[in-house]
Amino acid sequence: MIEFVRNVPLFSRLNEAQLQAVAAICTRKTYKPNVVLFSEKELGSVFYMVYSGSVKVYTTSPGGEEKILSIFKAGESFGELSLIDGKPRSASAKTLEECVLITLMGQHFLELLRNHFDITLGIMQELSNRLRDTNQHVFDLTFLDARTRVIKSLIKLANKHGMRNGNIITIKLVLNFDEISQMAGVQKITLMQVVRDLEEKQILTISPVDFKLDLAKLR
């Protein structure tokens with residue numbers, strides 16, 4: 001547990017004794033795919049760290065349409081916003097595959113923030129990054145055409161979750177086309193048109209377990 005906590009960016013600056021204190025109040029649990037961890041507008045009480053697997057954080061429109069805000073994989077954390085401001089969850093979270101999650105109860109998490117400025121600073125930096133991502137997404141929806149949004153979303157996934165070998169980036173994510181279209185902010189039919197075009201040009205290769213981007217052909 002301590003080695004995992006040490007590799008979580010929020011806790012990476014803590015010394016050995018501090019890491020042991022954090023590990024002592026963490027709980028580890030395995031979740032099946034498609035488990036809702038928390039729902040939008042409910043009160044938050046838990047902070048999550050991903051040990052293995054992947055989790056999507058999303059919002060839902062009154063008509064039931066989902067919009068994926070972010071994907072979290074091993075070593076990443078989420079769920080802190082509601083704990084900090086005391087307001088209901090601003091989004092929902094669901095496992096995309098079987099996951100092992102490390103959790104901290106809200107009271108323990110807030111005690112860590114009070115006692116360790118490095119953790120508080122890390123939270124501030126993470127929230128700033130997410131705000132920048134939100135601002136960029138608003139810009140994209142306003143000024144970029146659908147094809148460009150799809151390609152940019154694929155590149156973003158590649159940058160965050162991909163493994164590079166020469167000009168080929170392999171992204172292993174259990175996202176379906178509905179979820180990718182939600183991330184790009186386009187209709188599924190538009191996404192499929194762009195995907196087919198990228199496949200025909202051999203820029204994108206899709207298999208049941210991953211998809212690959214050829215950066216040389218993308219340029």
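Run the simple label-point estimate for K201 and K32 please: 7 Å along Cα→C-beta, distance reported in nm.
The two pseudo-label positions are separated by 4.3 nm.
Over the chain, how many percent of alpha carbon pairs lie in each 5 Å bin up to the one with the longest distance?
1, 6, 13, 17, 18, 16, 12, 8, 5, 2, 0, 0
Equivalent-ellipsoid semi-axes (√(5λ), Cα gyration tensor) for segment 34-128, whole Å, largest first?
22, 16, 12
Based on Cβ point charges of +1 for Lys and Arg and -1 for Asp and Glu, what charge dipole magnitude is obtained for the chain about its Cα centre, in debye rounded to the nearest 20?
Its charge dipole is roughly 320 debye.
If we restrict to alpha carbons, what Rg and Dmax does segment 134-219 come to, in Å?
Considering segment 134-219 through its Cα atoms, Rg and Dmax are 12.3, 34 Å.
Assuming R0 = 25 Å, what is the FRET efficiency of M124 and Q20, from their Cβ-Cβ distance, to the nearest 0.05?
0.50
Calculate, for the chain, the solvent-accessible area per residue in square angstrom, rolling a 1.4 angstrom probe over the heavy atoms of the protein chains.
Counting only protein heavy atoms, the per-residue value for the chain is 55 Å².
Of L121, L198, L175, which is farthest along the charge dipole of segment 89-219 in the positive direction, counting Lys and Arg as +1 and Asp and Glu as -1 at C-beta?
L198
Leaving ligands, DNA and RNA out of it, work out the accessible area of R6 with a 1.4 Å probe and give it in Å² to the nearest 10.
70
Largest first and to the nearest Å, give the Cα extent of segment 85-140 along each principal axis.
That works out to 39, 31, 21 Å along the principal axes.
Add +1 for every Lys or Arg and -1 for every Asp or Glu among the other residues with Cβ under 12 Å from the Cβ of C99, and state the total.
+3
Between D85 and M105, what length in nm is gained on full extension when 0.36 nm per residue of separation is reduced by their alpha carbon distance?
5.7 nm
Quickly estimate the mean residue ellipticity at 222 nm for the chain, helices only: each DSSP H run with n ≥ 4 gives -39500 (n - 2.57), and the total goes over all residues, rounded to 500.
It lands at -13500 deg cm²/dmol.
Carbon and sulfur together cover what percent of the accessible area of the chain at a 1.4 Å probe radius?
53
The values are calculated or read from the model by the stated rules, or taken from the named source; none is laboratory data. Values in this document were obtained by computation on a predicted structure and should not be read as measured data. Using ideal geometry, Cβ is built from the backbone for each residue, glycine included, and neighbour counts are taken over all protein chains shown. Just the protein is used for accessible areas: all its heavy atoms, side chains included, with ligands, DNA and RNA removed. Shrake-Rupley method; radii C 1.70, N 1.55, O 1.52, S 1.80 Å.
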